[in-house]
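Here, each number is a calculation from the coordinates, and none is a lab measurement. All of these numbers come straight from a predicted model, not from anything done at the bench. Please note: Cβ atoms are built from the backbone with ideal geometry, for glycine as well, and neighbour counts cover all protein chains shown.
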Amino acid sequence: MVKPIKSTLSAQDGTAGILPKTKATYQVGDTAAPKPGAVSNTTVKKLNASISAFKEDDKGISANNIKISSWGRDNLFPQHLMSLYQNNIFPGLMDFKVDMLYSRGYQLNQFIISGIKKIKVPVIDPEIEDWLESWDARDYIVDQFTDFVWTENTFTQMVVNKTKKAVPIIKLQHINTEECRLEIMNSQGQFEHIVMGNWADKKDFKPLPVFDRLNPSRYPNAMIHRRKKSFGFRYYNYPGYIGVIYKWLPLANEIPSFHLARMQNSINAKWHIKIPLDALKQLKELKKWNQTELDKWLEDKLTEIDNMLAGADNAGKAFYTFKTTDINGKEMTGWEIIELKSSEKEMSESNLRLFNETNQAITSAVQVQPSLACIQLGEKMSSGSEVLNAYNLHIKTRTPIARYLVLDNINRAIRINWPDKRVFLDIVDAELVKQETDKSGVNDPTE
């Protein structure tokens, strides 16, 4: 059934439609054939990945009579980072970095001296291990790593025991970065409170004192802020990938949206059929048809042409027509099938190359080698040796600082609770090896 653009198919001037199989366009009359894409209603939605400009001053914003430092121009920098989930690879890259930081999980260790070497060895301490389990230390560590990967800031609430019946530090509690803001520093260059709240709606503010390292039991609930310092900023850190947010990420988001919109909304016509109106009038008079009979004949003829142009069985078949002239020798107008030249292929290939470049810029900014994160940016897949080298380099160079900043809170609590024990918590990494060494490819120290 031919699908007309108008409500009904009619062999009258200006009638136009789309053939169902080939998506070829047709028009009755002398109107010129449309240009490729002219019948498309494609619209490209712009995805917003903009982040508030940096701002840091000592004027502060009031929150329950406490002046806090704004995190971003509108004080919603962490909240804006959630828009990065619109990108197809960015969330996966961040999740991968969290996995690399946590690796095989934690274990308790201690140092021993062997000759002139200081060696780290695992230890079993049921008392400390029970304490860690009591407040779900694994979940705490994963949450802290997640916030650090995204913002390079973490917040922890230290819950202190006010009695002498248990250890001084009862538990460590992860607090989401988007909920926390720092008080303006005092004259000694220190902030005394961290304020939790709903900053988007500007309500539910709850200030808590900063944890006193010299007097751990001073406050029953106190806060610790850890960060990897950004040059030029005194309060919050801004992540190293910040430069890719303004240009490359919005560009990367536009390309698949553009292609999806084209596929969903564009006709992408390859053929246009011109039908002479005079010929239809003559046929109608010759056959002594009414308008309904002429319309039915035209529909059947267009269906026949649609079947001829469509399908693999008809590839290479020729379409031919006869031309005739009037009494003056002038060529009379006849049916025409015009091929519409399109630049769709070139445009698609160009956009895909650009998409590849944007993904490369994103992985560079996040500081993850594409082969390590299973991202293929070219036609060639990385070799096993390349992935192995990338893994070892990442573990040795991209994880130590983040792990120190997150685990130091726990290790400080262990030292406060058990000052006589020289035990500390650390992350265990799986050692990747060639399969010639181990068929599994992993030398796992936890197994």
Which of the pairs Lys118/Lys228; Lys67/Lys247; Lys247/Lys341; Lys171/Lys228; Lys59/Lys247 have their Cα atoms more than 29 Å apart in this structure? Lys67/Lys247; Lys247/Lys341; Lys59/Lys247
May I ask for the equivalent-ellipsoid semi-axes of the stretch 113-194, computed as the square root of five times each C-alpha gyration tensor eigenvalue and listed largest first in whole Å? 29, 20, 17
Going by the alpha-carbon gyration tensor, a ≥ b ≥ c the square roots of its eigenvalues, is the stretch 99-142 rounded (a/c under 1.5) or, if a/c is not under 1.5, prolate (a/b greater than b/c) versus oblate? oblate
Restricting things to alpha carbons, find the Rg to Rh ratio for the stretch 130-264 using the Kirkwood radius for Rh. 1.11
Would you mind putting 227-236, 118-127, 301-310 in packing order, based on average other-beta-carbon counts within 10 Å, highest first? 301-310, 227-236, 118-127
